[in-house]
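Enquirer: Structure below; questions to follow.
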Amino acid sequence: MDDSLVAAVSEAAPFPILVAPDPALRRKANPVGPADQATVRAAIPRLFAAMYAAPGIGLAAPQVGLSLRLFIIDLQTDGVRDPMVVINPEILYRSAEVETREEGCLSFPGQYADVTRPRAIRARWLDETGARHERALEGLLARCFQHEADHLEGILFVDHISALKRNMILRRLAKRQREKDARRA
Ligand code: NI
C-alpha cells in the first residue's frame, strides 16, 4: 500500500457494514466501469477503515451497500498489513481438490461455520491503479478470494452449509439484533 493510501485509510470514515438478512447482500453487483472511478477511489479507504476496525480480513462493496464488483483483502499475516484491492475479478480455474475450514463474515457478526471450497484457484482482476493481475492463489488467500467473489454474486458463506446450520445462524443473528435494539430502546 503506498503512503497516500495509508494516510487516506487512517483519515477515512469507516463504512457501516450491512448485516444479514439485509436484501442488498443478495443482489448481483455491477461491473466497475470508467464512470465509477471517482466512487471507487473514494470508497477504497473507507472499505479498509471498516475492515480493519471490525476487524476482518476481507470486505466486499455490496456489504456496505455499493453494488460494484469490488472487494478488498488483507490477511494481515503476523500482524503485517498487506492490502489488496480487487476490481472486476474473474475466477478462471478452481481446483478439484477441496479443503474445509471455518469461515466467518463481517455481515454475520460472531457467526462461524465450516465451509468446503476448492483449495486453489486461478484468478484475474484489476487493482486500484487499473493494472491487470492474473495469479494462482491457494490456502487462506484462495479461500478469502472465493468468499469475497461470492459476495459480488449475492452468495453468502451460509449458502455453502446445510439449511439446518444456516437457519441456526440466521436465528442467532436475529436474536442478537433484537437484543441490540432492546438496549437502544
Ligand atoms: Ni463475507
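The values are calculated or read from the model by the stated rules, or taken from the named source; none is laboratory data. It should be emphasised that the depicted structure is a prediction, and the values quoted were computed from it without experimental measurement. For neighbour counting, all protein chains shown are included, and Cβ atoms are generated from backbone atoms with ideal geometry for every residue, glycine included. Remember, those area values only see protein heavy atoms, side chains included, never the ligands or the DNA or RNA. Shrake-Rupley method; radii C 1.70, N 1.55, O 1.52, S 1.80 Å.
Enquirer: State which residue is nearest to Asn30 (Cα to Cα) when the search covers only segment 77-109 and only residues that are open to solvent by less than 30 Å² (accessible area, probe 1.4 Å) and among the β-branched types (Val, Ile, Thr).
Expert: Residue satisfying both the conditions and the ranking: Ile87.
Enquirer: If you go through segment 77-125, how many residues are under 30 Å from Lys175 (Cβ atoms) and part of a loop (DSSP other than H, G, I, E, B)? Don't jump to the end; show me each part of the working.
Expert: Of all residues in segment 77-125, those under 30 Å from Lys175 (Cβ atoms) come to 100-117.
With part of a loop (DSSP other than H, G, I, E, B) added as a condition, the list becomes 104-112.
Of the residues in segment 77-125, 9 are under 30 Å from Lys175 (Cβ atoms) and part of a loop (DSSP other than H, G, I, E, B).
Enquirer: Give me the pairs: first residue in segment 42-58 and farther than 24 Å from Ala142 by Cβ and open to solvent by less than 30 Å² (accessible area, probe 1.4 Å), second residue in a helix (DSSP H, G or I) and not β-branched (Val, Ile, Thr), beta-carbon distance under 6 Å, and six or more apart or on different chains, which are they?
Expert: Qualifying pairs under 6 Å: Pro45/Ala8.
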